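Structure provided below as structure tokens; questions to follow.
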Amino acid sequence: MNRFLIVGAGFSGAVLAYRLSQLIADCKIDVWEEKSHIAGNCYTERDENTQVMVHRYGPHIFNTDKKEIWDFVDQFIKLQPYTHKVKAISNRKVYSLPVNLKTINQFFNKTFSPAEAKKFLEQQGLRFNGKPRNFEEQALRLIGPDLYKAFFYGYTKKQWGCEPKELPAAIFKRLPVRFNYDDSYYDNPFVGIPEEGYTPFVKKLLGDKKITVELNRKFSSSSDLPLYNHIFFTGPIDSFFDYKFGKLGYRTVYFESFYADGDYQGTPVINYCDESVPYTRITEHKHFAPWETHDNTICFKEFSKETSKNDIPYYPKRLAADKELLRQYRTESEKLSNVSFLGRLATYRYMDMHHVIGEALNFSEKFMAAFRNGTKRPVFPNTESL
Ligand code: UDP
């Protein structure tokens, strides 16, 4: 009998548990979760007062460019097609994000056509010379200094707690810039929200009788390692090694919730881009389920701060010092023969839900091939050069 341990019942751990339970007839899979619930930061539940489906750890909108990932999720739960729209308040005016033709025309008080707006922003971008090396330079190059200051500088400083020029250009590139009036937030063609939230998805993934889930159970690499044929660790990689080289930097977020009658802000997300406003955004969760009706509403003001001891790690900062630490932890991990690391926290990357699911599915196949052939089992899903 093969005994596997998966540490963490978020998307990575649950997808992996599901695939292993399908692929290996003779196995027992323990899943240990240190939180008091499954589904990690994608956990959703109904708010008792309003019956609104609440995304407890902040808004999660499922979006992917891969039909097979959409279908994978949709076979377990009903994904409702959904168009995500975000408004941004800057200097007491409301705009739409991502930056699109409406935003540009409204902000500069123009009536540009797509071609005119493109030319205009190209000229703005030319005020920054050279190849962009960080978030700020990338933004200056693509949208110029005025839009950057209005929508990105203050928000990013609040969100990440550092100057945007210390952050990678890739974070800016998460948001498209459009020269038409398309104001949907994502470029990906498949966007949806599960009708009953994400928790039932994870519950179904973990439903096989070979899988045993234990909540409130912490893993210790010193005592638990010898008991299993293989361990899959989806928690923070530095915690696995008891932080022996130091702590990787994360931002955490926290929320102030409040109730209101009717409709509080008329849309699911409003970003507050000015540095003077202490929170980054207000989310009103009933608008994530436009197919439902609710008389009252629950909203969340979202604040960002540096992660300290008991905070939940959200966003990997990946500053230069973090990358050096990560390199050390990865080298140490490669020395282990029966442990693999996967997911956002164990690989220390800014991953969306569809990345996590896709990677866990691929990793399961890679692991199974090695397991069957008796070759070295993969330690990481990615070979990211650091
Ligand atoms: N961002 C910003 N202003 C906004 C929205 C986003 O400066 O109004 C920046 C910010 O640095 C953020 C990044 O763009 O971290 C990526 O935004 P995204 O919406 O993808 O962040 P998430 O929803 O994952 O927090």
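The values are calculated or read from the model by the stated rules, or taken from the named source; none is laboratory data. Here the structure is a predicted model, which is why all the values come from computation and not from measurement. All Cβ positions, even for glycine, are placed from backbone atoms using ideal geometry, and neighbour counts span all protein chains on display.
In segment 194-212, what residues are surrounded by 21 or more Cβ atoms within 10 Å (Cβ to Cβ) and β-branched (Val, Ile, Thr)?
Across segment 194-212, the qualifying residues are 202, 211.
All but one of (1) within 16 Å of the ligand (Cβ to nearest atom); (2) in contact (Cβ under 8 Å) with a residue 40 or more places away in the chain; (3) part of a helix (DSSP H, G or I) hold for residue 121; state the number of the condition that does not hold.
If we test residue 121 against (1) within 16 Å of the ligand (Cβ to nearest atom); (2) in contact (Cβ under 8 Å) with a residue 40 or more places away in the chain; (3) part of a helix (DSSP H, G or I), just (1) comes out false.
Looking at segment 319-334, is at least one residue within 16 Å of the ligand (Cβ to nearest atom), surrounded by 20 or more Cβ atoms within 10 Å (Cβ to Cβ) and not hydroxyl-bearing (Ser, Thr, Tyr)?
The answer is no; no qualifying residue exists.
Give segment 178-193 a look and list any residue that's touching a helix residue (DSSP H, G or I) at 6+ places or on another chain (Cβ under 6 Å) and crowded, with 19+ Cβ neighbours inside 10 Å, or say none.
179, 190, 193 - these are the residues of segment 178-193 that are touching a helix residue (DSSP H, G or I) at 6+ places or on another chain (Cβ under 6 Å) and crowded, with 19+ Cβ neighbours inside 10 Å.
Check segment 66-85 and report whether any residue there is within 11 Å of the ligand (Cβ to nearest atom) and out of contact with any Gly (no Cβ under 8 Å at 6 or more places or on another chain).
Scanning segment 66-85 turns up at least one residue that is within 11 Å of the ligand (Cβ to nearest atom) and out of contact with any Gly (no Cβ under 8 Å at 6 or more places or on another chain).
Would you be able to say whether some residue in segment 63-73 is touching a helix residue (DSSP H, G or I) at 6+ places or on another chain (Cβ under 9 Å) and farther than 30 Å from residue 289 by Cβ?
No: segment 63-73 contains no residue that is touching a helix residue (DSSP H, G or I) at 6+ places or on another chain (Cβ under 9 Å) and farther than 30 Å from residue 289 by Cβ.
Restricting attention to segment 74-106, report how many residues are assigned to a helix (DSSP H, G or I) and either closer than 20 Å to residue 173 by Cβ or within 25 Å of the chain's Cα centre (by Cα) (or both).
4
For residue 71, are the conditions met, namely being modelled with pLDDT of 95 or more, more than 30 Å from residue 178 (Cα to Cα) and either outside any loop (DSSP other than H, G, I, E, B) or among the aliphatic types (A, V, I, L, M) (or both)?
For residue 71, the condition - modelled with pLDDT of 95 or more, more than 30 Å from residue 178 (Cα to Cα) and either outside any loop (DSSP other than H, G, I, E, B) or among the aliphatic types (A, V, I, L, M) (or both) - is not met.
Checking the conditions here, which among 36, 96, 90 is small (Gly, Ala, Ser) and surrounded by fewer than 14 Cβ atoms within 10 Å (Cβ to Cβ)?
Only one candidate qualifies: 36.
Give me the residue from segment 368-383 that is without any contact (Cβ under 8 Å) to a residue 60 or more places away in the chain and in a helix (DSSP H, G or I) and, out of that set, surrounded by the most Cβ atoms within 10 Å (Cβ to Cβ).
Per the stated criteria, the residue is 370.
Of the numbered conditions (1) within 16 Å of the ligand (Cβ to nearest atom); (2) touching a residue at least 12 places away in the same chain (Cβ under 8 Å); (3) surrounded by fewer than 21 Cβ atoms within 10 Å (Cβ to Cβ); (4) within 17 Å of the chain's Cα centre (by Cα), residue 358 satisfies every one except a single condition; which is it?
Evaluating residue 358 over (1) within 16 Å of the ligand (Cβ to nearest atom); (2) touching a residue at least 12 places away in the same chain (Cβ under 8 Å); (3) surrounded by fewer than 21 Cβ atoms within 10 Å (Cβ to Cβ); (4) within 17 Å of the chain's Cα centre (by Cα) leaves (1) as the failure.
Here is a further query. Take residue 239 and decide whether it is surrounded by fewer than 22 Cβ atoms within 10 Å (Cβ to Cβ) and more than 16 Å from the ligand (Cβ to nearest atom).
Here the answer is yes, as residue 239 does meet what is asked.
Further, regarding this structure: Does residue 210 satisfy being closer than 25 Å to residue 46 by Cβ, in contact (Cβ under 8 Å) with a residue 12 or more places away in the chain and touching a helix residue (DSSP H, G or I) at 6+ places or on another chain (Cβ under 9 Å)?
For residue 210, the condition - closer than 25 Å to residue 46 by Cβ, in contact (Cβ under 8 Å) with a residue 12 or more places away in the chain and touching a helix residue (DSSP H, G or I) at 6+ places or on another chain (Cβ under 9 Å) - is not met.
If the Cβ limit is 9 Å and pairs must be 6+ apart or interchain, which residue in segment 252-263 that is assigned to a loop (DSSP other than H, G, I, E, B) pairs with which residue that is among the acidic types (Asp, Glu)?
Here the result reads 262/295; 263/284, each pair linking segment 252-263 to a residue that is among the acidic types (Asp, Glu).
State which residue pairs qualify: first residue within 16 Å of residue 173 (Cα to Cα) and inside segment 184-197, second residue assigned to a loop (DSSP other than H, G, I, E, B) in any location, beta carbons under 7 Å apart, and separation of 6 or more residues or different chains.
Hits for this filter: 184/83; 184/84; 185/84; 185/98; 186/84; 187/176; 188/65.
If a residue counts only when it is under 23 Å from residue 381 (Cα atoms) and at pLDDT 95 or above, which strands (runs of 3 or more DSSP E) contained entirely in segment 1-55 have at least 2 such residues?
2-7, 27-32
Follow-up question, since we're still on this one. Can you pull out the residues in segment 222-251 that are touching a Leu at 6+ places or on another chain (Cβ under 9 Å) and either assigned to a strand (DSSP E or B) or of a type in the set (Ser, Thr, Tyr) (or both)?
Hits for segment 222-251 are 228, 230, 231, 232, 233, 234, 239, 250.
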